[in-house]
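Below is one structure, written out as structure tokens, with a few remarks after it.
The values are calculated or read from the model by the stated rules, or taken from the named source; none is laboratory data. None of the values given here were measured: they were computed from a predicted structure. With ideal geometry, Cβ positions are generated from the backbone for all residues, glycine too; neighbour counts draw on all protein chains shown. The protein model used for the area step is the full one, side chains on, heavy atoms only, and it has no ligands, DNA or RNA in it. Shrake-Rupley method; radii C 1.70, N 1.55, O 1.52, S 1.80 Å.
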Amino acid sequence: MNAERDAGVWLVGVDGSPVAHNALIWAAGAAVTQGVSVRAVGAWQYPYRGVLPITGSAIPAIDASMGAAIADELAEAARDVADATGADISVTASIGPAAQVLLDELEHADLAVVGNRGRGGFARLALGSVSLQLAAHAHRPVVVVPA
């Protein structure tokens, strides 16, 4: 067991979609029965321009405002779900690709929970790219909650 890992913590990827909200509700309800806490994790990144992502912060105010907006959205969702389930839910908002942020955060947790599809584009896919990447590359258990 990694000494830096927070025993008894489950991660939930939250992107503001209804499916992610269902994953947060499922994880919170199950976490209460297992005596573990939940960390709702949101990620954002700069928009793509052409084929390459914009990197670095050309405008530091964008970092602050985007990070604050994501954190506020996460906090509101966490409060609502915590009130409904009695779960202990903390929030983390990070800059970076969602799958990578979740994989990095999962190094310090026991389990990851994500919805099968987020806000992304291809409605016909059974799994979204983040849930698929997480399930394929995680070194901890991953629960994919269907819509």
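In table form, for the structure just shown:
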| read-out | value |
| --- | --- |
| Residue that is most open to solvent (accessible area, probe 1.4 Å), among those in the range 117-147 that are touching a Phe, Trp or Tyr at 6+ places or on another chain (Cβ under 9 Å) and modelled with pLDDT under 85 | Ser129 |
| Those residues of the range 31-70 which are of a type in the set (Lys, Arg) and at pLDDT 70 or above, in sequence order | Arg39 |
| Near pairs, Cβ below 7 angstrom, 6+ apart or cross-chain, from the range 75-97 (in contact (Cβ under 8 Å) with a residue 12 or more places away in the chain) to any residue that is part of a loop (DSSP other than H, G, I, E, B) and open to solvent by less than 40 Å² (accessible area, probe 1.4 Å) | Ala77/Val14; Val81/Ala87 |
| Candidates Val114, Val101, Val91, Val81, filtered to the one that is open to solvent by 40 Å² or more (accessible area, probe 1.4 Å), modelled with pLDDT of 90 or more, among the β-branched types (Val, Ile, Thr) and closer than 24 Å to Gly29 by Cα | Val91 |
